[in-house]
Amino acid sequence: MKALIGVDPHKGSVAVAVIDEALGELLERASFVQNRAGLRALESWAKRFPERRWAVENAGGLGRHLAGRLAASGESVVDVPPKLSARVRVLSTGNARKNDGVDALATALAASRNERLAHVEPEAEKEVLRLLSERREDLVAERTRALNRLHGLLRDLVPGGIAGTLSAHRTARILRGIRPKGGASARLRRRLASEVLRDIQTLDRKITDLNERIEAEVEASGTTLTEIFGVGPILAARIIGTVGNVARFPTRAHFASYSGTAPVEASSGDVMRHRLSLAGNRKLNYALHMVAICQARSDARGGSYYRKKIAEGKSRKEALRCLKRRISDAVFKSLIADSRAPSRSAA
């Protein structure tokens, strides 16, 4: 008997449900405390099912620690998106009632017939790139917030504010020329602007150092993604870290659906039509969008294809969507080639 263990993780507890993978029947339910002793007890309890695999809901969030721990010990673990398990729960029960045991069972059922779920890999290089990419996103977002605060302070120090993009160098030059007139509040605004400027300078240094580290990791990975026009080390790291194991996508069409670059069919009767897909992984979709913008502005193959679509009567947005799908196929082909190539560590 092959057992599939569905896991519904929480901060303080872990609910599990075991089903017979062949029959889909519930075998057992249990709950464990989310600490070292509780996780050791969970691993000991699971040994009663010699042939087993795990399905962890939200293995990239609350279930990350448990999923990584199981994968590191040699267990087979897949990541079940919360939306998928929620849909299975509603379809299975026919109502919206839920508890931890029901959620764990829905997670197991969602994984029982789905071969496209992402496998959790122990300490893979993809995980390193994902962590570095997410850290960079956080720093860039914080820098943007700091620049917005700086714009607000300068608006009250300089008549009409400062137009255009601010940089640390430009802001420093502007602040040197400001002599506050208007009492204590104006002097405080200038001092606060100087403090925010120092924050931005610190963030700039951190982002620069992180860029260099990401470039080194991407080069060490030996990926061919950077051979695609418009894909630099930063976007390559985001794509690799987001996609994970590309082998879970049987075809480039499945990959395009995951990236949100494939149109959604909305036909009815004799009316055949498609609409823009707003589903899929939005981080991956954004990365492909940035590549499409770069190619559309160039004279390379992507730019000529974009202009060809416009000449055929498509709008600029429609032509860009066509180009994004073309780029999605190229990215998928590159990731498949990378997965089949011998690793540099093995070499």
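Odds and ends about this structure:
- Test result for Leu132, touching an Asp or Glu at 6+ places or on another chain (Cβ under 7 Å), at negative phi and not basic (Lys, Arg): yes
- Considering (1) without any contact (Cβ under 8 Å) to a residue 12 or more places away in the chain; (2) surrounded by 12 or more Cβ atoms within 10 Å (Cβ to Cβ); (3) among the polar types (S, T, N, Q), the lone condition that Ser267 does not fulfil carries the number (2).
- Pick from the stretch 237-260, criterion without any contact (Cβ under 8 Å) to a residue 60 or more places away in the chain and among the small types (Gly, Ala, Ser), ranking: surrounded by the fewest Cβ atoms within 10 Å (Cβ to Cβ): Ala253
- In summary, helices (runs of 4 or more DSSP H) completely within the stretch 19-129 and bearing 1 or more residues that are under 25 Å from Arg248 (Cα atoms) and out of contact with any Gly (no Cβ under 9 Å at 6 or more places or on another chain) occur at 64-72, 82-93.
- Residue check for Ala216: within 20 Å of Ala341 (Cα to Cα), assigned by TED's automatic domain parsing to the domain that holds Arg297, assigned to a helix (DSSP H, G or I) and hydrophobic (A, V, I, L, M, F, W, C): no
- Among the residues of the stretch 130-154, those identified as of a type in the set (D, E, K, R) and more than 30 Å from His254 (Cα to Cα) are Glu142, Arg143, Arg145, Arg149.
- Lone unmet requirement of (1) outside the structural domain of Ile174 (by TED's automatic domain parsing); (2) at pLDDT below 90; (3) not hydroxyl-bearing (Ser, Thr, Tyr) for Arg187: (1)
- Tally, over the stretch 163-200, of residues that are basic (Lys, Arg) and outside any helix (DSSP H, G or I): 2
- Flag if Ser268 is hydroxyl-bearing (Ser, Thr, Tyr), modelled with pLDDT under 90 and touching a strand residue (DSSP E or B) at 6+ places or on another chain (Cβ under 6 Å): no
- The residue that is nearest to Arg113 (Cα to Cα), among those in the stretch 25-38 that are of a type outside the set (Gly, Ala, Ser) and in contact (Cβ under 8 Å) with a residue 24 or more places away in the chain, is Leu26.
- When the residues of the stretch 8-24 are filtered to those that are among the hydrophobic types (A, V, I, L, M, F, W, C) and more than 15 Å from Ser112 (Cβ to Cβ), the one that is surrounded by the most Cβ atoms within 10 Å (Cβ to Cβ) is Val14.
- Arg64 outside the structural domain of Ile240 (by TED's automatic domain parsing) and out of contact with any strand residue (DSSP E or B) (no Cβ under 7 Å at 6 or more places or on another chain): yes
- Test: residue in the stretch 65-85 that is surrounded by 22 or more Cβ atoms within 10 Å (Cβ to Cβ), within 17 Å of Glu21 (Cβ to Cβ) and hydroxyl-bearing (Ser, Thr, Tyr): yes
- Test result for Gly152, small (Gly, Ala, Ser) and loosely packed, with under 11 Cβ neighbours inside 10 Å: no
- Scan the stretch 39-53 for residues that are more than 19 Å from Ser112 (Cβ to Cβ), in contact with a strand residue (DSSP E or B) (Cβ under 6 Å, 6 or more places away or on another chain) and crowded, with 16+ Cβ neighbours inside 10 Å and the total you get is 1.
- Test: residue in the stretch 295-314 that is buried (at least 18 other Cβ atoms within 10 Å of the Cβ), closer than 23 Å to Arg116 by Cβ and outside the structural domain of Glu215 (by TED's automatic domain parsing): no
- Any hit, the stretch 215-224, residues being over 25 Å from Val120 (Cα atoms) and loosely packed, with under 15 Cβ neighbours inside 10 Å: no
- Scanning the stretch 28-48 for residues that are in contact with a helix residue (DSSP H, G or I) (Cβ under 6 Å, 6 or more places away or on another chain) and farther than 11 Å from Val7 by Cβ turns up just one, Arg29.
- Residue selected from the stretch 124-162 under the condition within 30 Å of Arg64 (Cβ to Cβ) and among the basic types (Lys, Arg), by the criterion modelled with the lowest pLDDT: Lys126
- Within the stretch 62-98, restricting attention to residues that are of a type in the set (A, V, I, L, M) and closer than 17 Å to Glu43 by Cβ, the residue that is nearest to the chain's Cα centre (by Cα) is Ala67.
The values are calculated or read from the model by the stated rules, or taken from the named source; none is laboratory data. Keep in mind it's a predicted model, so treat the numbers as computed, not measured. Every residue, glycine as well, gets a Cβ built from its backbone with ideal geometry; the counts of neighbours run over all protein chains shown.
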